[in-house]
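A short write-up of the structure that comes next.
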2 protein chains.
Amino acid sequence: MIPVEIIKHKRDNKVLTKEHLNYFIHGYLSGDVTDYQMSAFLMAVYFNGMNEQETFDLTEIMLNSGKIVDLNYIDKSKVDKHSTGGVGDKVSLILAPLVASCGISVPMISGRALGHTGGTLDKLESIPGFNVNYDLNDYKRILEKNGVVMIGQTADFAPADKKIYSLRDVTGTVDNLSLITASIMSKKLAEGADAIVFDVKMGSGANLQEKDESIKLAKYLISVSKKFGKKAIAVLTDMDEPLGNKIGNWLEVEECLEVMNGKKVSDLEKVNNVLSGAMLYLGKKAGNIDEGEKIAEEKLKDGSAYKKFLEIIEEQKGDTGYIKDWKNLKRTEYSKKISAEKDGYISEMNAFKFGLASIELGCGRKKTDDKIDYLAGIVLDKKCGDKIRKGETVCELWAEDESKTINAENLINEGIIISEKEPEKRNLIIDIID
Amino acid sequence: MIPVEIIKHKRDNKVLTKEHLNYFIHGYLSGDVTDYQMSAFLMAVYFNGMNEQETFDLTEIMLNSGKIVDLNYIDKSKVDKHSTGGVGDKVSLILAPLVASCGISVPMISGRALGHTGGTLDKLESIPGFNVNYDLNDYKRILEKNGVVMIGQTADFAPADKKIYSLRDVTGTVDNLSLITASIMSKKLAEGADAIVFDVKMGSGANLQEKDESIKLAKYLISVSKKFGKKAIAVLTDMDEPLGNKIGNWLEVEECLEVMNGKKVSDLEKVNNVLSGAMLYLGKKAGNIDEGEKIAEEKLKDGSAYKKFLEIIEEQKGDTGYIKDWKNLKRTEYSKKISAEKDGYISEMNAFKFGLASIELGCGRKKTDDKIDYLAGIVLDKKCGDKIRKGETVCELWAEDESKTINAENLINEGIIISEKEPEKRNLIIDIID
């Protein structure tokens with residue numbers, strides 16, 4: 001086979017065989033296919049897409065480029081959750097201990113902040129001492145001992161995806177359903193879970209801007225999961241406004257601690273409980289998702305989730321004293337309140353703009369070597385649908401100094417829309433696909 | 001500017017500004033834009049195309065990446081011809097001396113065999129001693145002295161095009177109108193001619209397979225030429241069957257010598273005379289193309305073209321003895337006749353297949369370092385529309401040995417179609433655009 005002929009094949013919208021993909025991906029790892037050929041290929045895939053079989057084959061080839069963990073030695077259901085990424089999406093921090101506290105094994109491998117969205121690893125690292133860098137032996141050991149493990153992507157899983165992803169990032173070829181699916185699934189399947197719940201975000205703060213695309217992605221993820229013999233459910237959730245009331249690494253840990261200690265944050269809890277419910281259902285601890293959701297509510301209320309969370313912190317070398325001290329609000333030096341310019345109802349808090357603003361404040365990275373300010377972020381006093389008076393605070397920005405808030409403030413002012421009429425209530429749980 | 005943002009801009013079908021293109025092309029030359037970013041960009045251009053302004057800007061930027069020859073010291077019209085490439089297309093070898101013999105300066109920079117098509121340089125190099133490698137000073141000197149010069153592409157012209165073309169070749173991004181136009185024009189404009197005649201080939205043996213695409217290319221070439229203040233005419237000519245009766249490097253030189261010495265090869269002569277006529281018209285030696293065509297016929301007949309051809313050979317160190325000896329047919333050791341399998345009319349001689357067959361015989365290169373067999377090739381006994389009887393020779397293959405003819409024979413058998421009915425006559429000159 002000749003690389004350029006495979007590129008032309010996809011360019012001309014012909015279906016690639018498994019042999020084509022095998023040659024091209026392995027050729028890329030071995031150097032027979034160059035970076036510039038791979039990027040031309042990826043752009044052709046961007047335009048012409050891949051069908052289900054091609055997506056499945058690509059996933060399998062990338063999965064098999066690395067190690068695949070066998071978790072059969074653990075005599076429990078192993079269920080993981082994956083979110084396509086959002087703003088203020090801190091669900092993993094509550095859901096992982098909660099579901100583990102119900103006797104389900106939760107092998108969770110997460111990512112870092114990407115684009116305008118936050119990352120579970122960065123949030124966990126805002127806890128002093130917390131270690132997300134374990135090898136596969138430790139991963140298996142901690143999971144068996146603690147019933148849950150939360151670590152970062154290892155180089156052992158799907159090295160082909162890692163190499164291809166870096167290239168996609170700098171060549172404008174990230175946003176394609178098949179490439180996204182194969183990238184997510186080649187890593188998720190390597191973890192060893194036997195069931196996966198997907199939180200597919202929709203709206204301004206989601207990575208896929210088009211509603212139809214998110215629905216398609218959910219279907220692709222379910223379909224590929226099933227082809228690999230995994231049980232799977234996708235929950236389509238709203239990401240038009242940030243989830244919960246806090247955005248930023250430590251701020252989000254703090255909000256999770258609040259919720260696990262009885263504070264009501266309705267949207268965050270709802271998404272958490274439905275996703276947890278779906279995991280409990282797939283892990284056979286509930287007869288259906290609704291029943292699972294009720295169990296989740298209970299586990300939040302009775303402190304089981306919080307107790308397990310502390311065990312995770314302890315097991316993974318985090319400072320439990322720092323955690324237990326959460327009521328003593330930890331904040332940056334500088335803060336700035338953003339207030340309403342007129343009376344009315346908040347009809348939009350654009351999650352994308354809020355996400356970009358949080359990066360400006362220091363919550364994320366503009367360049368890969370940027371340092372994160374773990375205490376920086378945004379605290380929302382109001383949410384969509386709330387009534388507000390001119391001059392009242394909408395949200396407060398937290399940053400190292402004033403200079404960091406200038407761009408953030410502009411973005412947030414662009415992102416907030418106040419209307420005279422009360423806006424229609426949006427569905428938080430848009431659909432559930434299995 | 002950030003390279004990936006420019007890639008996404010084109011990917012999302014937005015119009016690129018001159019600043020975008022300038023940054024991207026110069027960034028590529030300086031290393032700020034990588035090979036893999038350029039190839040992703042080229043694939044995005046392949047899918048979304050470029051409008052006229054973008055094509056013009058790209059041409060100008062690539063043109064200005066190298067030297068531009070000033071031929072104002074020559075007090076004659078400077079007119080060149082460019083062919084998009086075909087099979088058996090040997091027109092340059094007759095046309096250049098013919099037009100020069102009429103007092104027009106012909107600065108001709110040609111290419112080598114590419115894909116299934118032949119190249120003027122390889123044909124010229126089948127003449128022992130003939131030198132196509134001159135620097136720009138020699139180029140100007142020979143042109144002034146001899147009124148015509150035929151050399152190869154120099155590294156001085158459009159280095160950006162050279163670097164980008166190599167990448168397009170191995171990434172499946174050759175076949176795009178704007179990229180083709182900018183590549184042709186950035187080199188042609190550097191030569192210093194003040195008028196250009198384009199021979200845009202149409203049909204199976206053309207580089208662009210779609211008829212509409214060829215017409216569009218002709219319009220693009222004219223439009224860009226005019227934007228740069230050059231006079232231009234495009235002649236759309238048939239390339240469904242090979243041009244003339246001989247394919248191969250020396251074989252084509254030989255056929256040109258025959259024609260310049262009075263032999264009738266009607267299709268070759270017609271294309272040559274119309275293109276020459278257009279050059280004479282643009283160079284103000286004729287009032288219109290028809291009048292130019294008549295002058296061309298005359299110059300073939302009266303030996304002026306042949307006389308000038310010998311002067312070119314002499315000036316550029318070719319062996320004139322070898323040329324003058326053309327009647328002593330120079331052939332390879334081995335030959336094989338292909339005969340008709342049934343009675344009928346030849347309704348197709350697929351130029352693309354004949355081109356590929358000629359490469360198998362040794363006329364072209366499969367890899368860049370392959371050696372060319374200058375005497376190899378195909379001699380056609382019949383052409384499309386000819387009546388033929390079963391067993392009669394259609395053509396004869398010439399090669400070093402039998403092994404070279406096996407694939408060639410298969411290709412040619414695929415390329416020849418004999419039908420019961422006499423096929424309709426095709427137009428050789430399909431259209432003329434200015």
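Couple of notes before you dig in:
- Tensor-based shape of segment B:334-419 (alpha-carbon gyration tensor, a/c under 1.5 rounded, otherwise prolate or oblate): prolate
- Between segment A:373-433 and segment B:73-147, the Cα center-to-center distance that results, in Å: 69
- Helix axis angle, A:405-415 relative to chain A longest principal axis, alpha carbon, degrees: 80
- Heavy-atom accessible area buried between chains B and A is around 1700 Å² (1.4 Å probe, both sides summed).
- Cα-projected label distance for A:N131 with B:K211, points at 7 Å along beta-carbon direction, nm: 7.3
- For A:Y134, solvent-accessible area (1.4 Å; no DNA, RNA or ligand), Å²: 30
- Residues along segment A:1-23 losing 50 Å² or more of accessible surface when the other protein chains are present rather than the chain by itself (probe 1.4 Å): A:R11
- Segment A:279-318: C-alpha gyration tensor shape, a/c 1.5 cut-off, then a/b vs b/c: oblate
- Springs join every pair of Cα atoms under 10 Å in this Gaussian network model of chain B, and among B:T320, B:T84, B:T34 the largest mean-square fluctuation is at B:T34.
- In plain terms, the chain from B:D369 to B:E420 could stretch by 13.9 nm, reckoned as 0.36 nm per residue minus the Cα-Cα distance.
- Size of electric dipole in chain B: Cβ of Lys, Arg +1 and of Asp, Glu -1, about Cα centre, debye, nearest 20: 540
- Excluding ligands, DNA and RNA, the accessible surface per residue across segment A:79-324 is 31 Å² with a 1.4 Å probe.
- Using alpha-carbon coordinates, inclination of helix B:289-301 to the longest axis of chain B, degrees: 50
- Averaging the sequence gap over all C-alpha pairs within less than 8 Å and six or more residues apart, then dividing by the number of residues, gives chain B a relative contact order of 19 percent.
- Cross-link partners of A:K163 among lysines, defined as those whose alpha carbon lies under 23 angstrom from its own and excluding same-chain residues fewer than eight positions apart: A:K8, A:K10, A:K18, A:K67, A:K187, A:K188, A:K366, A:K367, B:K8.
- Quotient of Cα Rg and 2.2 N^0.38 Å for segment B:79-324, N being how many residues it contains: 0.93
- Projecting the Cα atoms of B:A351, B:A376, B:S339 onto the charge dipole of segment B:334-419, computed from C-beta unit charges around the Cα centre, puts B:A351 farthest toward the positive end.
- For B:K81, residues with placed amide H under 5 Å, excluding near neighbours: B:V197
- Cα-Cα over 21 Å, subset of A:K81/A:K308; A:K123/A:K382; A:K263/A:K301: A:K123/A:K382
- Between A:M108, A:M260, A:M43, the Gaussian network model of chain A with springs among Cα atoms under 10 angstrom shows the greatest mean-square fluctuation at A:M43.
- Counting only alpha carbon atoms, the long axis of helix A:18-30 and the longest principal axis of chain A meet at about 70°.
- The residues of segment B:3-49 present an accessible area of 38 Å² per residue when probed at 1.4 Å with all protein chains retained.
- The residues of segment A:348-434 present an accessible area of 57 Å² per residue when probed at 1.4 Å with all protein chains retained.
- Of the residues A:L29, A:S39, A:T17, the one whose Cα sits farthest towards the positive end of the charge dipole of segment A:3-49 is A:T17 (charges of +1 on Lys and Arg Cβ, -1 on Asp and Glu Cβ, taken about the Cα centre).
- Computed helical MRE - 222 nm, chain B, DSSP H runs ≥ 4 contributing -39500 (n - 2.57), nearest 500: -14500 deg cm²/dmol
- Charge dipole (Cα centre; +1 on Lys/Arg Cβ, -1 on Asp/Glu Cβ; no other charges) of segment B:79-324 amounts to roughly 640 debye.
- The charge dipole of segment B:71-179, taken about its Cα centre with unit charges on the Cβ atoms of Lys, Arg (+1), Asp and Glu (-1) only, comes to about 140 debye.
- Across the copies of the chain, B:R365 has label points (7 Å from Cα along Cα→Cβ) spaced 4.4 nm apart, shortest distance listed first.
- For the protein assembly as shown, carbon and sulfur atoms together expose 45% of the accessible surface, with a 1.4 angstrom probe and every protein chain in place.
- Among A:A278, A:I313, A:S178 - extreme Cα towards positive end, dipole of chain A, charges at beta-carbon: A:A278
The values are calculated or read from the model by the stated rules, or taken from the named source; none is laboratory data. Since this is a predicted model, take the numbers as computed values, not measurements. As a convention, Cβ positions derive from the backbone with ideal geometry for all residues, glycine included, and neighbour counts pool all protein chains shown. With ligands, DNA and RNA removed, areas are computed over all heavy atoms of the protein, side chains included. Shrake-Rupley method; radii C 1.70, N 1.55, O 1.52, S 1.80 Å.
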